Amino acid sequence: MKKIKGFGGRSYGPGKGEGKEIDIGSLQKVQQEMAKKLEQLEASFGQMEVIGTAGGGAVKVKATCDYRIVSIEYDDELLQDKDMFNDLIVAAVNETLREIQRRRDEEMMRITQEQLHL
């Protein structure tokens, strides 16, 4: 390939050791492997559980990382104050959703890092 001189004398184009052809076949293979790993990861999210809490543990929401609520536990005393009970349920569910997203991001980053180091 040919170098092109830009304004100010800067060269554009391949420099020393550059200009090597990209092996499309190996790039496609890496892409297919990554897609397979991401598919497996997505399937595994159904088995990963997280717990979000509110009210110092008075409400606990357990969910899987594919965004399914598994259980909600709460202290019976909370039933006496409906508004507070509602607020704590909402807070615990929101905490659980944040935890799911954090866990999913961690796992995606791990897969991506593994792929980059191949």
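Side notes on the structure shown:
- Residues in segment 50-59 that are crowded, with 17+ Cβ neighbours inside 10 Å and either in contact with a Ser or Thr (Cβ under 7 Å, 6 or more places away or on another chain) or without any contact (Cβ under 8 Å) to a residue 12 or more places away in the chain (or both): 3 in all.
Yes/no matrix, rows are residues, columns are (1) without any contact (Cβ under 8 Å) to a residue 12 or more places away in the chain; (2) surrounded by 12 or more Cβ atoms within 10 Å (Cβ to Cβ); (3) part of a helix (DSSP H, G or I); (4) on the phi < 0 side of the Ramachandran plot:
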site: 61; (1), (2), (3), (4): no, yes, no, yes
site: 66; (1), (2), (3), (4): no, yes, no, yes
site: 79; (1), (2), (3), (4): yes, no, yes, yes
site: 83; (1), (2), (3), (4): yes, no, yes, yes
site: 94; (1), (2), (3), (4): no, yes, yes, yes
site: 103; (1), (2), (3), (4): no, yes, yes, yes
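- Residues in segment 61-118 that are of a type in the set (Asp, Glu) and in contact with a Gly (Cβ under 7 Å, 6 or more places away or on another chain): 66, 95, 99.
- Close contacts from segment 16-30, counting a first residue that is at pLDDT below 70 and a second that is surrounded by 10 or more Cβ atoms within 10 Å (Cβ to Cβ), with Cβ to Cβ under 9 Å and a gap of 6+ residues or different chains, come to 19/13; 20/14.
The values are calculated or read from the model by the stated rules, or taken from the named source; none is laboratory data. Keep in mind the model is a prediction, meaning the values are calculated, not measured. Methodologically, a virtual Cβ is constructed for each residue, glycine included, from the backbone with ideal geometry; neighbour enumeration extends over all protein chains shown.
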